[in-house]
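Single-structure report; data block below.
The values are calculated or read from the model by the stated rules, or taken from the named source; none is laboratory data. From a predicted model like this one, the values you see are computed outputs, not experimental measurements. Cβ placement follows ideal geometry from the backbone for every residue including glycine, while neighbour counts extend to all protein chains displayed.
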Amino acid sequence: MVLDQVQRLADELIAPNAARYDESGEFPWDNIRALNELGCNTMFVPEAYGGAPMAYRLYLEVVKIVSAACASTGIIYATTFHGLKPLIDVGTEEQKARLLPRIAEGGLGALAITEPNAGSDATGMTTSFTPDGDDIIVQGGKTFISNGDVADLILLFGKWSEISDSRKSISVLVFEKDTPGFEVLRLEDKMGHRAASTAALAFNACRVPRANLLGEPGGGLKLLLASLNKSRPSVAAHALGIAQAAFGDMIAYMNDRVQSGKRIVDFQGNQFMVADLATDLAMAECWLDYVASLVESGGQDFGLEASMAKMRASDLAMRIATEAVQMHGGYGYCKDYRVERLMRDAKITQIWEGTNQVHRQLIGRSFARK
C-alpha cells in the first residue's frame, strides 16, 4: 500500500516536473512536501519520537521509485536518512527525544564529512571541535554537502582538539542549522542532480551544546564507518532507480524506432546488449535485497557487501544510461528525451559515498592474506 502511494505520487507529481527542476536548478520543495504528507520521513524514525518505522527494504524501494522519477528528489530524501540514522542508532534518549521529532515532522538532514583536502581519505579532515564548558566550539568548513543549505540537522564530523591522533580524534555531533556562525558559502552548479542542492559550508566558531555530541570524543570514526555501511545500500537503491528509468526509456524507444525497415530492438546485436543489461539489473537488485536482509537481521559486519552493492549499482546506472543515450541516437543527446538527464544524473553515483575506485580497493584487499 505504501509503495502504491509513492508510485502514484512519482507518476503524477514528481516525474512530470523533473525536467523543469533540472533546467531551473530550483529546489523541489513541492516534491519534498508531498513525500512528507505521505509520511516517508517517519518510516525510519522510531515510534516514540513521532515515527512509524517500517522495513529497511521498504525504505530502499521508496528511494528507488522516487529516484526513477527524479534523481534529485530521490537523493534529497535519502540524504536525510544518511544523516540521521546514526542518531537513531546510537543517540541518547535525551538526544533522540529532542531532535528526532523535527525529522518525523518533515525536517531535512545532511551528512557532513568531506572537506576540500579530505575526500576519500576522511582522516585528513581539519574541522575542529574544541570543548568549552558545556559547549563545543566548531571551527572549519565542509564541501560537497548534499542538503547542506536546507538541512535542519547536520551530522557533522570533525576532530577533537584534545586528541592528537588523526584517526582517534575524529568525533561527531548533531549540528542545528540556526546556530550562530554557520554560513553557506556557495551552492555548486553541477552536471546532474541540478535540483538537489550541494553546498560548501563554513563553521565560524560555532557554539554547539556538548549534549549534541554523539558518543564519546574520538568515537567518530567507528560511527562514520557504520553510517556509510547503511547509507551505501541507500545510494545503491538511488542508482538502481536511475538505471531502471533509463532501461525502461531505452526499451520503449527501441520498440518504437524503425530503421532499415526493422525496429531497432529486432537487431540481434541490440538484443544481446539488452539481455546483458536486463540480467545485470536483476542481479544487482537481488544483491541489494540481500544486503538489506543483513541490515534487517541486525548484522554488524556487512561493509564489503554494502560496498559491492554501491559499486555495482552505480556502475550499472552509468552503463545503462550511456546505452540508453546510444540507442536514442542523436535524439538521446538532446534534452527532449529524458535519457540525456539520466546520463548526467548517473555519473555522480560512481563518485559519492566513496568513489568506485575506493570500493574496488576495499573489496580487493579483503582477499589479501593477513
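Filtering segment 23-49 to residues that are closer than 12 Å to V62 by Cβ and either of a type in the set (S, T, N, Q) or in the same structural domain as A195 (by TED's automatic domain parsing) (or both) leaves N41, T42.
When restricted to residues that are of a type in the set (D, E, K, R), surrounded by fewer than 19 Cβ atoms within 10 Å (Cβ to Cβ) and more than 20 Å from F157 (Cβ to Cβ), segment 70-107 contains 4. Checking L100, L87 one by one, the residue that is in contact (Cβ under 8 Å) with a residue 60 or more places away in the chain and hydrophobic (A, V, I, L, M, F, W, C) is L87 and no other. Of the residues making up segment 205-225, just one is in contact with a Leu (Cβ under 8 Å, 6 or more places away or on another chain), closer than 19 Å to D134 by Cβ and assigned to a helix (DSSP H, G or I), namely N212. The set of residues in segment 351-370 that are assigned to a helix (DSSP H, G or I) and buried (at least 20 other Cβ atoms within 10 Å of the Cβ) contains only H359. Is at least one residue of segment 190-202 under 20 Å from M125 (Cβ atoms), touching a residue at least 12 places away in the same chain (Cβ under 8 Å) and more than 20 Å from the chain's Cα centre (by Cα)? Yes - at least one qualifying residue is present in segment 190-202.
Checking S169, S161 one by one, the residue that is more than 28 Å from N41 (Cα to Cα), buried (at least 19 other Cβ atoms within 10 Å of the Cβ) and without any contact (Cβ under 8 Å) to a residue 60 or more places away in the chain is S169 and no other. Here the condition is being part of a loop (DSSP other than H, G, I, E, B) and surrounded by fewer than 20 Cβ atoms within 10 Å (Cβ to Cβ); of A48, A52, A19, it holds for A52 alone.
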